[in-house]
1. Of TRP399, TYR447, CYS483, which is farthest towards the positive pole of the range 356-503's charge dipole, taken about the Cα centre with +1 and -1 on the beta-carbons of Lys, Arg and Asp, Glu respectively?
2. Positive end of the dipole of the range 268-386, charges at C-beta (+1 Lys, Arg; -1 Asp, Glu), about the Cα centre: which of GLN333, VAL346, HIS303 has its Cα farthest in that direction?
3. Where does the charge balance sit around GLY254 when Lys and Arg score +1, Asp and Glu -1, over other residues with C-beta under 12 Å from its C-beta?
4. Rg/Rh for the range 179-241 to two decimals, with Rh computed the Kirkwood way over all alpha-carbon pairs.
5. Is the shape of the range 251-373 best called rounded, prolate or oblate, per the rule: a/c under 1.5 gives rounded, else a/b larger than b/c gives prolate, else oblate, with a ≥ b ≥ c the square roots of the Cα gyration tensor eigenvalues?
6. Can you compute 3J(HN,Hα) from phi for each residue in the range 195-208, using the Karplus curve 6.51 cos²θ - 1.76 cosθ + 1.60 with θ = phi - 60°, rounded to whole Hz and x for Gly and Pro?
7. Please report, in whole Å, how far the alpha carbons of the range 243-299 spread along each principal axis, starting with the longest.
8. Got a sec to turn the phi values of the range 426-439 into Karplus ³J(HN,Hα) couplings, 6.51 cos²θ - 1.76 cosθ + 1.60 with θ = phi - 60°, whole Hz, x for Gly and Pro?
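The values are calculated or read from the model by the stated rules, or taken from the named source; none is laboratory data. A quick note: this is a predicted structure, and the numbers were derived from the prediction, not measured. Here the Cβ positions follow ideal geometry from the backbone for every residue, glycine too, while neighbour counts run over all protein chains shown. To get the accessible areas, we keep the full protein, side chains included, count just its heavy atoms, and leave off ligands, DNA and RNA. Shrake-Rupley method; radii C 1.70, N 1.55, O 1.52, S 1.80 Å.
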Amino acid sequence: MPHARTVLWLSRPLRLARILCRAQFTQHKAQGPPSPPAMENGARPCEERPPSALAATVTEGAAKIVFPNANEVFYNPVQEFNRDLTCAVITEFARIHLGTKGIQIKVPREKDLQKVSENLSEQEEEKAEQKETENLAPREQTRTAAVGEICEEGLRVLEGLAASGLRSIRFALEVPGLQCVVANDASARAVELIDRNVQLNGVAHLVQPNQADARMLMYQHQKASERFDVIDLDPYGSPAPFLDAAVQAVNDGGLLCVTCTDMAVLAGNNGETCYSKYGAMALKSRACHEMALRIVLHSLDLHANCYQRFVVPLLSISADFYVRVFVRIFTGQAKVKSSASKQALVFQCVGCGAFYLQRLGKASRDPGGRTKFSAACGPPVTPECEHCGQRHQLGGPIWADPIHDLDFVGRVLEAVTTNPGRFHTSKRIQGVLSVVTEELPDVPLYYTLDQLSSTIHCNTPSLLQLRSALLHAGFRVSLSHACKNAVKTDAPPLALWDIMRCWEKECPVKRERLSESSPAFRILAVEPSSTGQIQATWSEIH
């Protein structure tokens, strides 16, 4: 019995402990378990995430987005210029595209450029507007498309790699004349975030979040009735894997916007890698940024030609750490035949840097007025450079035709200039586009001041002096947006070296320090062929 009493005495506190545990468990169960984090496949709503996961908020343009503190979904503030410029370009494209359908777009804070002259009185303006309205038939009256509204005949836009959805949301809030914007990403976490940001900005009626591989999505929209009017590709790195699908999924006359951030490859550090991605050998040169643009355009046209399509560049920009091209895609078997004559190989001297272009094809007119296509004749150089005796490197093919549509660039520039408050980077856009409008459209690549002067080891002339010398010699010359000290000119390398030889006479180089096999010694050993004219030019400049 004493033993039984001892067991009973010990069991009482155990029963009390079990009762307390059961009560605590019941209370905890009534409150419910804590919400687990969002599932990887996006099945749970984004707002059930821990608050710390969506702590960062960014306002850019008219959009406001949230994104994780962790680097789950990529956001790059340096690309604001890229996104601003894209909104400006698509707006002008929409103005052209919808204008053919009798639809005018309304851009916030944009002045009406089609108003009657300011010297008319208000009463005369009202009478003129009233007469125009009465003369128009009901069907002929102009329709308008505003920002944030669905335009049934508007642009169908695809952002293939949307990440946080910022670009797509800005399209919906800043570009008028849109039918829909598909914000696609392969990441479930990214699509979940896109949906949250779409709801936050109130653009769910325009922006459609979508999870898919961008290539498969574009391949599924090859039919003419399912193609997009605008496709924007801004990958982290090379867009090469997406180009084949993109050129097929754009409407005839549609707009394709492509960003390339793999500048190390495009600038000539890995020529073999560049060939594997873009079908062209990149060369290390001072004109590498423009060559990168022309390699991308060549690759786009090459992909498009496989499907009897071709590209027409609207604007090609080199900025910061990337290049950005805007091209229209058209279909036409006859025009595709001329694509070979738009591509060229580049022969570049390893010693003095002089370069020459060799077109791949030749387009000529026969006596009957028909265009005849044939292989081009070449090469344009001798085995050794005629100026310094060094060998030539072979690069390309590159796009050798104009890389900008100056009429279109002028429209974008005018729209941004008259409405500068629309973008945070308006001043930069105006500066870049102003230089673009002044570039020589038919002169591929360029030389630089430091390249010319360092080759012959002389002092560097000012940009104004070199440009003045070229103009006085009867050549055309311009700057380049891709390089601040670039000289684009139709002068042959011989004329450039003649000018530099005359400049060297003003600032003599110590010849005894030069090796007889160096490019500088061989170039300076030759007297200028037009000494009198060029020296007179230098004297006028001084």
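1. After comparing all options, I get TRP399.
2. It is GLN333, whose Cα lies furthest towards the positive end.
3. On the way: positive: ARG156, ARG227, ARG309, ARG328; negative: ASP229, ASP232, ASP252.
Summing Lys and Arg as +1 and Asp and Glu as -1 gives +1.
4. On the way: Rg = 12.5 Å, Rh = 12.9 Å.
Rg divided by Rh gives 0.98.
5. Values: a/c = 2.31, a/b = 1.33, b/c = 1.74.
Here the range 251-373 falls in the oblate category.
6. Values per residue, Gly and Pro as x: 4, 5, 5, 5, 5, 5, 9, x, 10, 5, 6, 10, 9, 10 Hz.
7. Cα extents, longest axis first: 36, 20, 16 Å.
8. With coefficients 6.51, -1.76 and 1.60, one gets 4, 5, 5, 4, 4, x, 5, 5, 5, 5, 4, 5, 9, 5 Hz.
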